[in-house]
Each structure stands twice: as C-alpha cells, then as structure tokens.
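K.L.:
I have a structure I would like to understand better, so I am pasting it below and will then ask my questions one at a time.
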Amino acid sequence: MSSVSWFLNQFFPRTLLDRIMSKQFGLNVFSTQIKQRNPHRLSNQQRVVLITGCSVGGIGHALAEEFHSRGARVFATARRLESMRALEELGITTFELDVTSIESIRKVHDQVSQLTGGRLDILINNAGRECIMAVSDMDIDIARRTFEINVHGAISMVQEFIQLLVASGDGCVVNSGSIAGILPLPFSAAYNSSKAAVHALSNTLRVELAPFNVKVVNLVAGEVSSSTSRPLLLPDNSIYKPIESTLLRKCGRISQATVLPTAHYAKRVVNELSKSKPKPWYWYGDKSLLCWIFDTFLWKTSLDGMLIKMFGISELAGLIQSKKAKND
Ligand SMILES: NC(=O)c1ccc[n+]([C@@H]2O[C@H](COP(=O)([O-])OP(=O)(O)OC[C@H]3O[C@@H](n4cnc5c(N)ncnc54)[C@H](OP(=O)(O)O)[C@@H]3O)[C@@H](O)[C@H]2O)c1
C-alpha cells in the first residue's frame, strides 16, 4: 500500500487520491448534491474574505490590499490594530485577532457573521511565525508556540468559521504552507515541521470538506520579502558554537532574503484563488519551482550536501576533523 501511495502522490494530481479517499469514506455522494444546489460561482466583487496575520509589510497585508482592489469585501485581522492602519485607510475592515486565543477568534466570528449575514467565502490562514534553532538547542516552549500559531491556530480558525464557509456554498480555506515544509533547511526544524503539518492538514481537510463544496488550497510559498525575521538562537553550550559567526551571517542572510515583493506574490495568489478550480497545492515564490522539482523527481538526500555547504556546517566538520587529527 505504501508504494502505491508513493507512486500516486509522486506522479498523479492530488485530486485523484482525493476521489479515491472520498469514495472510500462515503463523502463524494453529498458533493454532487451540493454542487447541483449551488451552480453559480461568486465573482470577486461579491466575495467575503477573512485573512489572519495582516501586519504591515507581510504577505497577509498584501493579500488584503489585492483582494480589496478587486472589489472583494475584506476583513483583515492581526494581533495589533495599529499594524493595519494603512488597510483601514483604504476602507478595509480590520479586527484584532490572535489565532491562539479562542475568545479572540469567537469575537471576530460574531462580528463577521453579523456584518455578512452569516457567510464567509474565503478564509486565509496566513498568520505564522519563524523559529530559528538547531534541533539539539531547541527551546521546546518556543517550538510549541510555533506549532500553536502555524498549525493549531489554523485548525481553530477552520473550526470556528466552518458554518460560515459552508453557508457560502462556494467556500475556500487557504493555508500558508512553505517550501520549508519540504526542504531539509537546517536550524529551522520547528518551523519546517509546522509547515509540513500545514501541508498534511490541507490534504486531509480538502477531502473532509469536499461534500460541502468548500475547497482547500495549500500555498507552498517560496521566499517572499517579509517584514520580520527572527534571529538564530544559539545557547552557550550549543554544539554549533564554534561556527557561531558563520551561522549568524548565513541564517540571517537567508531568512531576510527580499527576493519577491509581497505585492507581486499576492497578485499571483489572488489570480489563482479567483479561478473556479484553484490548484490544491499552489507553488509560488522564489525557489519554489526548484523545490517542486526536487520534491517530485529527486531523492530525499539530494540537497543535503548543498545545504551543508550553504549554511557553513561543512566548516564545523573541518574544525572537528582538525581537532581530532591534533589529538591523535
Ligand atoms: N515570507 C516568506 O518567504 C514565506 C515563505 C513561506 C511561507 N510563508 C508564510 O506566510 C505567512 C506570512 O508570512 P510573512 O512573510 O508575511 O511574515 P510576517 O510579515 O511575519 O507575517 C506574519 C503575520 O502573522 C502574525 N501572527 C503571528 N502570531 C500571531 C498570532 N498568534 N495570532 C495572529 N497573528 C499572528 C504576525 O503578527 P505580528 O506582526 O503581531 O507578529 C504577522 O502579521 C506565514 O505563515 C509564513 O510562515 C512566508
């Protein structure tokens, strides 16, 4: 069974597996009925969009602007209202929302529900945080917090807004995945694994929500310019201490890459979400194509050597070897 899953996953569209799964669990019967009841798709002008994590300078902020410019009714949310001042000035409704607080989510749910008559067409789970630490140095509380925001936050949002999305008749959940969830990027395991969890969450949710005509899109974002980047955390007893200066330089440079402007990325994402059948996995952003090729056609360890060199880990191997030679 595992080799069949690998073969299907690798070489066939994700929707083929969906059909098999939904048939096996008896979900596809309802899907046909609902599609018949809701034959008309909404245009962007009529769509209601809710986005989390819309602080200025980030992807959420750019998505809110792009949807608004196309006439959609946008609810932009972030932990701090002042970080969305520019969106408010454009006429976009903004709400304070922390995705790790159920009370905060419920408050926004009630406000949106009241303003739209109980309907939401697109929920974009964009809120997220980075976490730059080696696995051996990992502060478990920070790793937990990363999962709480990136994964559990998205689940809570879906749980609270599901009735509104179903009421739409043409709903869509968009989750913020990343090439980090696919590549073995060092010093980023907590973030990488949280994004891999988002990918798996999107896959399962897509099959579960199929009967309700609620689509699920997993954004596999490459590098996009971002306002924030967290520094590498390197405790004094870290086994990577000998290459600290190299790591601080390399990790900083890579996480702050400002290759693709958020506005450009947002335009492409909104184009995709405006289609009647958006791709279930939408790969876009710097290095996303490279990552797709690696994921689809190459073996799992094919990038190890390059990443070891790129992050200065080979320097550490050299230091360990020369120390060993001295001691012998
Ligand atoms: N930029 C990239 O290259 C890239 C690549 C792949 C995936 N992504 C993903 O895309 C999404 C947006 O990233 P970005 O680059 O735009 O980063 P960003 O500018 O740091 O945006 C992240 C947003 O999430 C918010 N957030 C953090 N914790 C939250 C919480 N508990 N509740 C609600 N909001 C919270 C942040 O709010 P505060 O301002 O209050 O902290 C901020 O608004 C993230 O999920 C990220 O993982 C980004």
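What follows draws every value from the coordinates through simple rules; no lab data is involved. Predicted model only: the values in this text are computed from it and were never measured. Note that we place each Cβ from the backbone using ideal geometry, even for glycine, and neighbour counts take in every protein chain shown.
K.L.:
Arrange the following residues from fewest to most other Cβ atoms within 10 Å of their Cβ: LEU260, LEU87.
P.N.:
Fewest to most other Cβ atoms nearby, the residues stand as LEU260, LEU87.
K.L.:
Here is a follow-up. Give the angle, between 0 and 90 degrees and rounded to the nearest 10, that separates the Cα long axis of helix 59-69 from the longest principal axis of the Cα atoms of the chain.
P.N.:
Between helix and principal axis, roughly 30 degrees.
K.L.:
Right, next: For PHE7 and ALA263, compute 0.36 nm times the residue count separating them, minus their Cα-Cα distance, and round to one decimal in nm.
P.N.:
Length gained between PHE7 and ALA263: 88.5 nm.
K.L.:
Still on this structure: Please give the Cα centre distance for the stretch 269-317 versus the stretch 91-128, rounded to the nearest Å.
P.N.:
The stretch 269-317 and the stretch 91-128 have Cα centres spaced 31 Å from each other.
K.L.:
Among LYS195, LYS277, LYS250, what is the fewest-to-most ranking by other Cβ atoms within 10 Å?
P.N.:
Values: LYS195 26, LYS277 7, LYS250 19.
With the sparsest Cβ surroundings first, the list reads LYS277, LYS250, LYS195.
K.L.:
Angle, helix 153-168 long axis vs. longest principal axis of the chain, Cα atoms, 0 to 90°, nearest 10?
P.N.:
Compared with the principal axis, the helix lies near 20 degrees.
K.L.:
If I take every Cα pair under 8 Å that is 6 or more residues apart in the stretch 218-328, average their sequence separation and divide by the length, what percent do I get for the relative contact order?
P.N.:
Numbers: 95 pairs, mean separation 42.6, N = 111.
So the answer I get is 38 percent.
K.L.:
If each residue's Cβ is checked for other Cβ atoms within 10 Å, how do THR52, THR204, THR116 rank with the fewest at the top?
P.N.:
THR204, THR116, THR52
K.L.:
Any idea what angle helix 2-11 forms with the longest principal axis of the chain, computed on alpha-carbon atoms, 0 to 90 degrees, nearest 10?
P.N.:
80 degrees
K.L.:
Among the listed pairs LYS195/LYS287; LYS300/LYS324; LYS195/LYS215; LYS195/LYS300; LYS195/LYS277, give every one whose C-alpha distance is greater than 21 Å.
P.N.:
Working: LYS195/LYS287 16 Å; LYS300/LYS324 30 Å; LYS195/LYS215 19 Å; LYS195/LYS300 17 Å; LYS195/LYS277 23 Å.
From the list (LYS195/LYS287; LYS300/LYS324; LYS195/LYS215; LYS195/LYS300; LYS195/LYS277), the Cα-Cα distance tops 21 Å for LYS300/LYS324; LYS195/LYS277.
K.L.:
Still on this structure, please answer the following. Using R₀ = 22 Å, calculate the FRET efficiency as 1/(1 + (r/R₀)^6) where r is the Cβ-Cβ separation of ALA325 and THR301; round to 0.05.
P.N.:
With R0 = 22 Å, the Cβ-Cβ based efficiency is 0.20.
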